[in-house]
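Asker: The following block contains the structure, expressed as structure tokens.
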Amino acid sequence: MGAVTPVGNSVGESWEALCSGQSGIGPITKFDAAAFDTRIAGELKGFDPLRYVTKRERRRYDDFIIFALAAAEMAVLDALARTMKMPFWRLYGEKPAPARTDITVVIGTPEQAFDFASFYRARGMKIFKIKVGIDYDNDLRRLAAVRRAAPKAEIFLDANCAWTVREARSFIRDLGRAGIRPSVLEQPVKKDDFGGLAALSRDFDFPVCADESLYSLRDAVRLLRAGVSGLNIKLMKLGLSQSLEVYRLARASGAKLMMGEMLESRLSSLCAAHFAAGLGGFDFIDLDTPLFIKDRVTAGFAGPGPDGIYDLAGVKAGIGAVPKIFAER
């Protein structure tokens, strides 16, 4: 946790040890560590990080360290699934549930929204997520353009904290007059406005999903107690183990669930798809990053097809993708 301190081992030596299945960091060659305590745990068996890093120290870490911790947790569980010669989703369930992602229509003109939606509708995409909140009137025109391009498509909205409660109500009312009803609305109000999220959850006949408001199990408890109707689980914010706790809590409370992500790598997106498919019960899936970013560093399972479907049936071990350097060995 925190910074990785050089101990004299080269990157090449560490990579070779990892590829050959060796555990531990090997001997420290850069300095003599015998005379003082060290926080380096070369062997994980029986290792309790709380003995080395207190809760007070954890609070001093940069907020972004949670992303590194989530990535480490993904890597460890992917290694476990590979060792057991089974797909990653099998860690969470007996049979993978269907996993079809939306695709995001980013901020732009109505004409661009129409062309984008037309392109992907022709390739089988059935769900479009529209970013809203910057320009009220233009957002309505963009949504109308997407509806013309894909009349039968499902519509997700994401306001990214841009509105007040009053603005959200007004926008949804005007959208309804245009004959458009979204399936879900993500984070319409500021991240600390739990009351606003709950009020809109009561107002609308579709789920309001907390996203920026949800960074921990504690947040999930507060949101559900307030009456928020949906939660967006993102592995990079919660990690796998805490995401599982939030998932179970939401299912027990009857809240709707979205599997989401930020702008992440293919490896992270695949991990999230396996997580959602293994558990099942997700009402909405928003894992479209692989459709936007060309991956130059991994080989194997490429992610969703142009129709948005993650076909996990062919994955034999782990998430199905590995670094190219590893695949070429």
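Asker: Which condition number in (1) aliphatic (A, V, I, L, M); (2) farther than 21 Å from SER243 by Cα; (3) surrounded by 13 or more Cβ atoms within 10 Å (Cβ to Cβ); (4) at pLDDT below 95 is the one that ILE65 fails?
Answerer: The failed condition is (2).
Asker: Which of the residues spanning region 231-281 are of a type in the set (S, T, N, Q), over 26 Å from ILE155 (Cβ atoms) and touching a residue at least 60 places away in the same chain (Cβ under 8 Å)?
Answerer: Across region 231-281, the qualifying residue is only SER241.
Asker: Mind telling me which of the residues LEU263, LEU238, LEU244, LEU249 ends up being of a type in the set (A, V, I, L, M, F, W, C) and farther than 22 Å from GLY93 by Cβ?
Answerer: Values: LEU238 fails: farther than 22 Å from GLY93 by Cβ; LEU244 fails: farther than 22 Å from GLY93 by Cβ; LEU249 fails: farther than 22 Å from GLY93 by Cβ.
Result of the check over LEU263, LEU238, LEU244, LEU249: LEU263.
Asker: Within the group ASP158, ASP139, which residue is touching a Phe, Trp or Tyr at 6+ places or on another chain (Cβ under 8 Å), crowded, with 23+ Cβ neighbours inside 10 Å and either assigned by the TED database to the domain that holds GLU212 or among the hydrophobic types (A, V, I, L, M, F, W, C) (or both)? So that I can check it myself, show each step before the final result.
Answerer: Details: ASP158 fails: touching a Phe, Trp or Tyr at 6+ places or on another chain (Cβ under 8 Å).
One residue alone meets the criteria, ASP139.
Asker: For LEU50, indicate whether it is assigned to a loop (DSSP other than H, G, I, E, B), farther than 28 Å from GLY281 by Cβ and either touching a helix residue (DSSP H, G or I) at 6+ places or on another chain (Cβ under 7 Å) or at pLDDT below 75 (or both). I'd like the intermediate steps shown before the answer.
Answerer: Working: assigned to a loop (DSSP other than H, G, I, E, B): no; farther than 28 Å from GLY281 by Cβ: yes; either touching a helix residue (DSSP H, G or I) at 6+ places or on another chain (Cβ under 7 Å) or at pLDDT below 75 (or both): yes.
When the stated conditions are applied, LEU50 does not pass them.
Asker: Working only within region 73-109, note down all residues that are in contact with an Asp or Glu (Cβ under 7 Å, 6 or more places away or on another chain) and not charged (D, E, K, R).
Answerer: PHE88, THR101, ILE103, THR104
Asker: For region 105-134, give me each residue that is among the β-branched types (Val, Ile, Thr), surrounded by fewer than 19 Cβ atoms within 10 Å (Cβ to Cβ) and in contact with a helix residue (DSSP H, G or I) (Cβ under 9 Å, 6 or more places away or on another chain).
Answerer: Correct list: VAL106, ILE107, THR109.
The values are calculated or read from the model by the stated rules, or taken from the named source; none is laboratory data. All of these numbers come straight from a predicted model, not from anything done at the bench. Positions of Cβ are backbone-derived with ideal geometry, glycine not excepted, and every protein chain shown enters the neighbour counts.
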